[in-house]
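Asks: Structure in structure tokens, see below.
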Amino acid sequence: MREDGGRTLKRILVAGFSTRHVALSAHRAGYEVFAVDHFCDADLRKNTISCMKFEELADLPVLIRKMCDTFDIDAIIPTSGAETLDNLPVLILGTDPHTAGQFLNKDFVQNWFSSLNIPVPPLLEPGEFPAMLKPVSGSGGWRNMVVRSPDDIKAWKEAFPGEPFLLQKIVPGIPASVCCVAGCGRARALAVNRQILRDEGPYQFGFAGSLTPFDHLMQEKMISCAERAAAASGCLGILGIDFMVSDDEIYAIELNPRFVATLDTIEAATGINLVKIHLDTFHGILPESMPVPVQYAIRRILFADRACAVTDDLSFLSPGVADIPVLPALFEDGNAIISVYGTGQNAALAQEALDTTIMVVKQYIQ
């Protein structure tokens, strides 16, 4: 294993709201992996030496310290919810908390992209409708809402009291993202992905999966803008830039200063290991070129459309599934149940494989 600060990097703690994707990548890279996570699903438990579960983000720093004290952890990789934690007991392998915090503020991001001459959806004044309402802080898109009247804004405020928000023009296009690795003022794009959103219900703009690679006429422009933004961001390691893309326009939406949720499909499509690439960055090493995909990979998160349960261990379906529920598993309407995958030599074949696995999984949802 590599040396960091004169110490052999062997034991890595992955900490945040959802860590399974990063923890399994670190496991495949050969590290001893530990996790502090909100879910502690069955496959995360299987691939970590220890997994501690938390309910509230306020509990995260306490459990991180407990894990470090108990297992002599060498370094921490932060994921969602842990990006801005500081004063932690061991080396943090990620973007520094101040820089990460800036990019979690959508007001800052809007102005920052504009300063780089990267197009963003224009801001709207109160009273201009329809509009895309977004909370200034937070990630995942689950609180985003299309508002068409003052009453819609009032309803959102009642649901999220005291939460600052901004209003953007609704721009046409397909949700997409570019995963980059950055360091020392340089950046390299690693993959272009199509983002799959829930598309219905109160959380219709929430992340629900991805397709890698995403073949699009504007992919080179997305790559160019993403590399320029990542290099200028001051972020270190793996990060993602979200876009809306049409046949002739792109709009930058967010810069996520952490490991991307599209990790699974990127690694499956390209064969690369994102944790290894991430750690290389801390030694000034970036890939010389963007990896060429060897296949298409698609992930879909299945959400409960009613109160339901999974009473069988679905580990036997791996690697076609991930985020495997720990039994007995009960779900309320709208809860995430499990992630399902498909691969193929083109996007249609990957989708076909995904659909087949979804059919199998649904037999076990009661």
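The values are calculated or read from the model by the stated rules, or taken from the named source; none is laboratory data. A quick note: this is a predicted structure, and the numbers were derived from the prediction, not measured. Ideal geometry is used to build each Cβ from the backbone, glycine not excepted, and the neighbour counts take in all protein chains shown. Surface accessibility is based on the protein's heavy atoms, side chains included, excluding ligands, DNA and RNA. Shrake-Rupley method; radii C 1.70, N 1.55, O 1.52, S 1.80 Å.
Asks: Which order do the peptides 194-200, 258-264, 74-80 take when ranked by the mean count of other beta-carbon atoms within 10 Å per residue, highest first? Let's see the in-between values first.
Replies: Working: 194-200: 16.9, 258-264: 26.3, 74-80: 23.9.
With the highest mean Cβ count within 10 Å placed first, the list reads 258-264, 74-80, 194-200.
Asks: Please compute the length gained on full extension between THR8 and SER149, using 0.36 nm multiplied by the number of residues separating them and subtracting their Cα-Cα distance.
Replies: Extra length from THR8 to SER149 when fully extended: 45.0 nm.
Asks: Treat each spin label as a single point 7 Å out from the Cα along the C-beta direction, and report the PHE160 to ASP305 distance in nm.
Replies: 2.7
Asks: Oh, and also: Tell me which trypsin sites (Lys or Arg not before Pro) from the stretch 1-82 have a DSSP coil assignment and no more than 16 other beta carbons within 10 Å of their own. Before the final figure, lay out each step's value.
Replies: Values: sites: ARG2, ARG7, LYS10, ARG11, ARG20, ARG28, ARG45, LYS46, LYS53, ARG65, LYS66; in loops: ARG2, LYS10.
Answer in residue order: ARG2, LYS10.
Asks: When N counts the residues of the stretch 125-176, how does its alpha-carbon radius of gyration compare numerically with 2.2 N^0.38 Å, as a ratio? Walk me through the intermediate numbers first.
Replies: Working: Rg = 11.0 Å, N = 52, 2.2 N^0.38 = 9.9 Å.
After normalising by residue count via 2.2 N^0.38 Å, the value is 1.11.
Asks: Along Cα→Cβ, 7 Å out, is where each label goes; now give me the distance between the ones at ASN105 and ASN273 in nm to one decimal.
Replies: Calculated label separation equals 3.8 nm.
Asks: Report the FRET efficiency, 1/(1 + (r/R0)^6), for VAL360 and SER115, where r is their Cβ-Cβ distance and R0 is 35 Å, rounded to 0.05.
Replies: 0.10
Asks: Give me the accessible area of TRP142, 1.4 Å probe, in Å² rounded to the nearest 10.
Replies: Only protein atoms counted, so the area is about 120 Å².
Asks: Please report, in whole Å³, the volume per residue of the convex hull around the C-alpha atoms of the stretch 1-92.
Replies: Normalising the Cα hull of the stretch 1-92 by residue number yields 81 Å³.
Asks: While we're looking at this one, here's another question. What fraction of the Cα pairs in the stretch 18-150, stated in percent, has a spacing above 21 angstrom? The partial results should precede the final answer.
Replies: On the way: 4627 of 8778 pairs.
Every Cα pair in the stretch 18-150 considered, those over 21 Å come to 53 percent.
Asks: Okay, moving on. Lysine pairs in the chain with alpha-carbon atoms under 13 Å apart, 8 or more places apart or on different chains: how many are there? Write out the running numbers ahead of the final one.
Replies: Details: LYS10/LYS276; LYS53/LYS66; LYS106/LYS134; LYS134/LYS157; LYS134/LYS169.
Summing the qualifying lysine pairs gives 5.
Asks: Another question about this same structure. Using only the Cα atoms of the stretch 267-341, what are the Rg and Dmax in Å?
Replies: My reading of the Cα-based Rg and Dmax gives 17.2, 49 Å.
Asks: A further question on this structure: How far apart, in nm, are two points set 7 Å out from the Cα along the Cα-to-Cβ line at LEU286 and at CYS184?
Replies: My value for the distance between the label points is 1.0 nm.
Asks: Additional query: Determine the sum of side-chain charges near ALA348: Lys and Arg each +1, Asp and Glu each -1, restricted to other residues whose C-beta is under 13 angstrom from that of ALA348.
Replies: Numbers: positive: none; negative: ASP215, GLU352, ASP355.
For residues surrounding ALA348, the net value is -3.
Asks: Which semi-axes, in whole Å and largest first, does the equivalent ellipsoid of the stretch 194-340 have when worked out from the alpha carbon gyration tensor as the square roots of 5 times its eigenvalues? Can you show the working numbers first?
Replies: Details: eigenvalues 185, 76, 41 Å².
Working from the Cα gyration tensor, I get semi-axes of 30, 19, 14 Å.
Asks: Over the chain, what portion of Cα pair distances is larger than 33 Å, expressed as a whole percent?
Replies: I get 28 percent for the Cα pairs in the chain exceeding 33 Å.
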